[in-house]
Amino acid sequence: MSINTHILTDSDEDISFAAELLKEDKLVAFPTETVYGLGGNALSPTAAQAIYSAKGRPSDNPLIVHICDPNSVYELAENVPDTAKTLMEAFWPGPLTIILPKSEVVPKQTTGGLDTVAIRLPSHPAALSLIKKSGIYIAAPSANSSGRPSPTTAKHVADDLNGRIEAIIDGGPVGIGIESTIVDLTSEIPTILRPGFITKKNLEAIIGEVRIDPAIIEADSNLRPKAPGMKYTHYAPSGELYIVETAQGRDKNTEAVAKKINELYNEKKAEGHVVRVLAPEEHCSFYNEADVIPVGNTTDGVTVSARLYASLRECDAAKAEFIYSESFENYELGGAIMNRLLKAAGHKIIEV
Ligand code: TXA
Ligand code: MG
């Protein structure tokens with residue numbers, strides 16, 4: 001059954017309207033500083049079910065609970081350790097999600113059956129205003145259909161979920177473009193379950209030793225990631241995506257990489273395939289102008305993360321069958337960017 005999806009602005013009036021919808025267990029997509037989220041009442045099993053069904057998402061994949069006041073953590077979680085308080089003070093509002101033992105008020109539908117809960121206090125004004133006006137905690141996964149790249153504009157959301165959700169708040173393109181860093185505080189040593197804008201180094205500067213869940217680094221291991229969502233083939237474009245890099249390390253020797261990409265490109269073009277190349281702006285002139293998609297620039301990782309998912313969606317829109325991407329390791333954000341790109345590529349790497 002299709003519903004009429006309201007496209008709203010981020011005006012006070014529109015956000016108030018959206019807040020009312022949330023109170024009735026309806027679903028509203030809204031911008032955050034990372035990606036657009038698909039919001040529903042986090043304490044309502046009905047709303048949680050509706051989120052899974054709108055996204056086509058497996059219901060064992062837990063949702064992040066969005067709050068607007070740090071004190072809410074004490075209602076949603078139990079045994080809040082000092083490290084949590086320190087992280088909340090240092091990084092909230094902002095793109096950090098923390099995992100804590102859940103309290104009784106959080107239904108298992110929201111946590112995918114787990115005894116822990118993921119909590120985040122976003123910095124985007126429209127997100128904060130929506131949480132405040134609705135007076136509820138908002139469960140929100142990324143507002144894409146399961147398996148598609150996360151949405152970084154309201155249009156991406158509409159492309160995936162139009163007719164399946166009540167409303168979309170259009171707050172323009174997001175700033176960061178990849179999902180929040182997730183840190184698990186229920187393990188002895190705080191553990192990053194998903195890399196993001198807030199890096200291991202940033203966290204360690206505040207709380208000391210932090211581990212990275214080995215399952216998210218190893219490509220072909222049988223390790224089970226602790227964030228259930230990381231086990232699914234996420235972010236995948238429809239075409240075959242390959243990352244081309246040199247043996248000396250990622251994005252060293254640009255010339256050799258460009259030469260290889262052009263070889264591969266020409267080969268597939270000659271066979272009549274639709275091909276796209278992903279490269280930073282400064283390298284676009286190395287490739288066929290008509291088929292290269294710029295992904296940020298070489299000076300700042302956020303320009304890359306902000307464009308990454310949109311560029312994968314552009315490949316889909318062009319019906320690209322083969323996609324060759326330079327690698328984007330050489331930034332402070334490189335780890336988080338390559339985590340997403342490698343997943344999108346199913347870890348297919350061509351070494352020059
Ligand atoms: O930036 C973000 O975090 C965005 C915006 C909308 O806030 N949200 C987002 O949600 O990325 P989602 O559902 O697409 O990703 C949530 C990830 C999943 O990989 C899920 O498995 C993991 O968080 N997660 C949630 N609760 C968890 C828990 N209790 N334990 C371990 N992993 C958890
Ligand atoms: Mg997601």
**Asked** Which of the residues belonging to the range 177-191 are out of contact with any Gly (no Cβ under 8 Å at 6 or more places or on another chain) and part of a loop (DSSP other than H, G, I, E, B)?
**Response** GLY177, LEU185, THR186, SER187, GLU188, ILE189, PRO190
**Message:** Residue pairs, Cβ under 6 Å, 6 or more apart or interchain, first in the range 48-73 and in contact (Cβ under 8 Å) with a residue 60 or more places away in the chain and closer than 29 Å to GLU89 by Cβ, second surrounded by fewer than 16 Cβ atoms within 10 Å (Cβ to Cβ) and of a type outside the set (S, T, N, Q). List them.
**Reply:** CYS68/LYS132
**Qualifying position, being within 16 Å of ligand 1 (Cβ to nearest atom), modelled with pLDDT under 95, in a loop (DSSP other than H, G, I, E, B) and of a type in the set (A, V, I, L, M), among ALA236, ALA219, ALA215** = ALA236
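Condition check ((1) under 13 Å from the mean Cα position of the chain (by Cα); (2) within 16 Å of ligand 2 (Cβ to nearest atom); (3) part of a loop (DSSP other than H, G, I, E, B)) across all residues:
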residue	(1), (2), (3)
LEU128	no, no, no
ILE131	no, no, no
SER146	yes, yes, yes
PRO151	yes, yes, yes
ILE165	no, yes, yes
ILE168	no, no, no
GLY172	no, no, yes
GLY175	yes, no, yes
**Request:** Filter the range 261-297 down to residues that are in contact (Cβ under 8 Å) with a residue 40 or more places away in the chain, hydrophobic (A, V, I, L, M, F, W, C) and touching an Asp or Glu at 6+ places or on another chain (Cβ under 9 Å) and give me whichever is surrounded by the most Cβ atoms within 10 Å (Cβ to Cβ).
**Result:** LEU278
**Request:** Quick one: count up the residues across the range 275-291 that are within 20 Å of TYR331 (Cβ to Cβ) and either assigned to a strand (DSSP E or B) or modelled with pLDDT under 95 (or both).
**Result:** 3
**Fill in**
Picking from ASN79, ASN61, the residue that is modelled with pLDDT under 95, surrounded by fewer than 23 Cβ atoms within 10 Å (Cβ to Cβ) and over 18 Å from the mean Cα position of the chain (by Cα) would be ASN79
**Complete:** Exactly one of ARG340, ARG307 is farther than 15 Å from ILE243 by Cβ, of a type in the set (Lys, Arg) and buried (at least 22 other Cβ atoms within 10 Å of the Cβ), and that one is ARG307
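Residues are listed down the side, and each one gets a yes or a no for (1) within 16 Å of the chain's Cα centre (by Cα); (2) at positive phi; (3) modelled with pLDDT of 95 or more; (4) not β-branched (Val, Ile, Thr):
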site: ARG307; (1), (2), (3), (4): yes, no, yes, yes
site: SER311; (1), (2), (3), (4): yes, no, yes, yes
site: GLU314; (1), (2), (3), (4): no, no, yes, yes
site: GLU321; (1), (2), (3), (4): no, no, yes, yes
site: SER327; (1), (2), (3), (4): no, no, no, yes
site: TYR331; (1), (2), (3), (4): no, no, no, yes
site: ILE337; (1), (2), (3), (4): yes, no, yes, no
site: ALA344; (1), (2), (3), (4): yes, no, no, yes
site: LYS348; (1), (2), (3), (4): no, no, no, yes
**Prompt:** Is it fair to say ILE136 is buried (at least 24 other Cβ atoms within 10 Å of the Cβ) and among the aliphatic types (A, V, I, L, M)?
**Reply:** no
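The values are calculated or read from the model by the stated rules, or taken from the named source; none is laboratory data. Predicted model only: the values in this text are computed from it and were never measured. Reconstructed Cβ throughout: ideal geometry from the backbone, glycine too, with neighbour counts over all protein chains shown.
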